[in-house]
Amino acid sequence: MKIGVYGGTFNPPHLGHVTAARAVFELLKLDLLLLVPDREPPHKALPAGSPTPEQRLEMTRLAGEQLGLGDRVQVLDLELKRTGRSYTSDTLKALREQYPADELFFLMGSDMFLSFETWRRPEEICRLATLAVFSRRTADEAAAFARQKEKLEKAFSARVTVVMNPEVIEVSSTQLREELA
């Protein structure tokens with residue numbers, strides 16, 4: 001079985017998350033998509049007044065329903081049950097134990113991909129899953145992706161799949177929070 005793992009703060013989840021997840025599900029021919037909101041992101045602090053982890057979990061469930069995949073999309077509270085920062089390597093290790101014979105794809109955006117070597121235990125992440133990276137199709141990004149892909153393949157024996165999202169929506173959760181304020 002091919003399983004996509006899409007983690008993030010989802011503060012809030014938005015149409016960009018939904019369209020990217022849907023595109024990757026179809027393009028990679030995934031059997032299952034796991035949406036995993038984190039408790040405390042390691043790369044940025046949650047802004048004051050952010051929804052609680054439970055509220056972000058419920059919003060992620062609602063976004064998951066918008067995918068129209070039925071039971072082929074699941075929202076996990078795996079990271080929300082932990083205390084402290086949420087690390088992808090820990091989550092993928094737990095999922096590998098749950099799905100020992102399945103192929104895991106870790107879904108990520110371009111900004112996360114281009115800084116991947118700064119993550120905690122990137123070699124472990126690469127051992128446990130193929131990196132499936134959303135591309136925005138700009139010429140500058142294509143060159144940066146090619147350099148980063150080669151770098152990660154050499155350094156961590158990474159398997160990288162670049163996914164062109166034909167329906168990319170250029171919006172971030174930060175932009176949405178600012179607009180809503």
Within region 73-90, the residues that are surrounded by 15 or more Cβ atoms within 10 Å (Cβ to Cβ) and of a type in the set (K, R) are R82
Verdict on R137 being at pLDDT 90 or above and surrounded by fewer than 16 Cβ atoms within 10 Å (Cβ to Cβ) = no
Collect the residues in region 1-13 that are open to solvent by 20 Å² or more (accessible area, probe 1.4 Å) and part of a loop (DSSP other than H, G, I, E, B), keeping them in residue-number order.
-> M1, P12, P13
Scanning region 15-27 for residues that are open to solvent by 20 Å² or more (accessible area, probe 1.4 Å) and not hydroxyl-bearing (S, T, Y), the one farthest from V75 (Cα to Cα) turns out to be L27
In the set V160, V133, the lone residue that is under 20 Å from H14 (Cβ atoms), in contact (Cβ under 8 Å) with a residue 24 or more places away in the chain and under 16 Å from the mean Cα position of the chain (by Cα) is V133
If you go through F105, F113, the only one that is under 22 Å from A20 (Cα atoms) and not in a helix (DSSP H, G or I) is F105
Residues being assigned to a loop (DSSP other than H, G, I, E, B) and either without any contact (Cβ under 8 Å) to a residue 60 or more places away in the chain or open to solvent by 80 Å² or more (accessible area, probe 1.4 Å) (or both) - total across region 47-72 = 8
From K44, K93, which residue is open to solvent by 50 Å² or more (accessible area, probe 1.4 Å), at pLDDT below 90 and within 21 Å of I125 (Cβ to Cβ)?
-> K44
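The values are calculated or read from the model by the stated rules, or taken from the named source; none is laboratory data. Owing to the predicted nature of the structure, the values given are computational and were not obtained by experimental measurement. Because the Cβ atoms are built from the backbone with ideal geometry, glycine has one as well, and the counts that use them run over all protein chains shown. In case anyone asks, the SASA skips ligands and DNA or RNA and just uses the protein heavy atoms, side chains included. Shrake-Rupley method; radii C 1.70, N 1.55, O 1.52, S 1.80 Å.
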